[in-house]
Amino acid sequence: MGDPSLKSTPSGRSLQQCLHLVGFLDLFGVSMIVPLLNHHMKSLGASPTTAGIIGSCYGILQLFSSSIVGSWSDIVGRRSALITCILISALGYGLLGLSINIYIYAIARIPVGIFKHSLSISKAFLSDLVSEKERPHVMGRFNSASSMGFILGPVVGGYLTELKGGFYITSFLCTCIFIINAGLVWMMPQTMDKANLLPPSNHARLPNTCNHAIDESQESNGNIPNRSAHTFWVQIVSVLKKVTGVAFSQMWDIFLVRLLMAVAVMLYYSNFALAMEERFHLTPRMTGYLISYGSTLGALAGFLLGPLSRLYQYNIYTMLLHSSVLTFFSILLYSVAPKMWIVILSSTFLAFSTSIGRICIVDLELTLGQKHGSGTLIGVGQSVTSVGRILVPLFSGIAQEYSPCGPPQLGAVLALASIFLMYKSKSHYDGTAQSKYKKE
């Protein structure tokens, strides 16, 4: 899928470093402003119901757009798609800085909800660059770089919001960061395009008109440029065909595993602050320190993917299974913890297991479904996670009626179900993935 020769060249290494910086700046800018959104909506006079409706609409837009935008990046090229997504997201965050009423605020969330998929496209970019054996290590470093931005962003945003007109200053700064990010992508060496090819097996799945447009574009570094021959209608047909191809493939159980594990982890965090206060009388500040501690460990865990992959002899399926087992026991231990030190211990293991598990599930999807295109696969995976974000508030609310420990206990049950599903599918997916790695 990737071009291993690019990785060892100075150009290939610089491209990876550029993408790491793109990921860092992306989450740095977003994490500055996201914690301030609810407070800003309240200052505009929005009721909790209105705020909830706007938040749900954003989630629904993300649900449907992630697969489409990811597939679109397979067709028009990663670089063009990434620049487009970053600039339109910058427009959305710029509008937030102009939102003097709730209507402008709601409009500002629309372009961000549709096009805020820069991290997904960056991951597809990286997967095009490197070999399958190197992919977990490279993805881990990208996640670590991005997480550093998420750790630093709230600190800067919290400081700025204390100034007069702090939210608007933060929005303007976020917009500037995204514009700089787009410029960084635009200045990337064109060598990147050589890695961004649709797999040959995927060409046969496109309509005849698409194949004609693809054939015409081979003269331009094998990439599919945005030319008049490749019409907007052809792009739409191609996107729909690629997305439905993944939806009706034999990968449903892998996506179901991803959904179950995502919901399990989100249930763990859904009432974390409230549970810490009720169970251990922890102050919000101490809870924040504990969350930051887990986030920092998760960022550091990304650097372990290379050594772990070699330790497991590049058996990503087994890595995913073991990390899921560790996630299950960590959530279960937290849900029954009688002492605070046990919570800290479970948070430590959970930070490592979830960080490793997220990278493993993406890598397994890309390995097993490479004929569909990495952008499409990552986009569909993000849509699956978005389904979890829609379901978790409902599940968490129902579980909290039972106990403050209800959400993590339900999460442990779902994690156990995903482990059982992985075990039942082991003979198919483990063997298939291993055979792909041995061919390299």
| said: With just the Cα atoms defining each centre, how far is the range 310-336 from the range 84-138? Give it in Å. | reply: 30
| query | Local charge sum around Ser89 (other residues, Cβ-Cβ under 12 Å, Lys/Arg +1, Asp/Glu -1)? | reply | +1
| query | At what distance in angstrom do the alpha carbon centres of the range 258-306 and the range 411-426 lie from each other? | reply | 21
| field | Pairs beyond 30 Å (Cα-Cα), from Lys133/Lys339; Lys42/Lys123; Lys133/Lys242 | value | Lys133/Lys339; Lys42/Lys123
| said: Students often check this: by mean Cβ neighbours within 10 Å, which of 14-26, 84-96 ranks highest, and how do the rest follow? | reply: 84-96, 14-26
| query | Which net charge results for the neighbourhood of Gln62, defined as the other residues with beta-carbon distances under 12 angstrom from its beta-carbon, given Lys and Arg at +1 and Asp and Glu at -1? | reply | +3
| query | Ordering Cys176, Cys57 by how much accessible area each has at a 1.4 Å probe, largest first, what is the list? | reply | Cys57, Cys176
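The values are calculated or read from the model by the stated rules, or taken from the named source; none is laboratory data. The shown structure was predicted, so the numbers you read here are calculated from the model rather than taken from an experiment. Here Cβ is always computed from backbone atoms with ideal geometry, including for glycine, and neighbour counts include all displayed protein chains. Ligands, DNA and RNA are stripped out before the accessible areas are found, and what is left, the full protein with its side chains, is counted by its heavy atoms. Shrake-Rupley method; radii C 1.70, N 1.55, O 1.52, S 1.80 Å.
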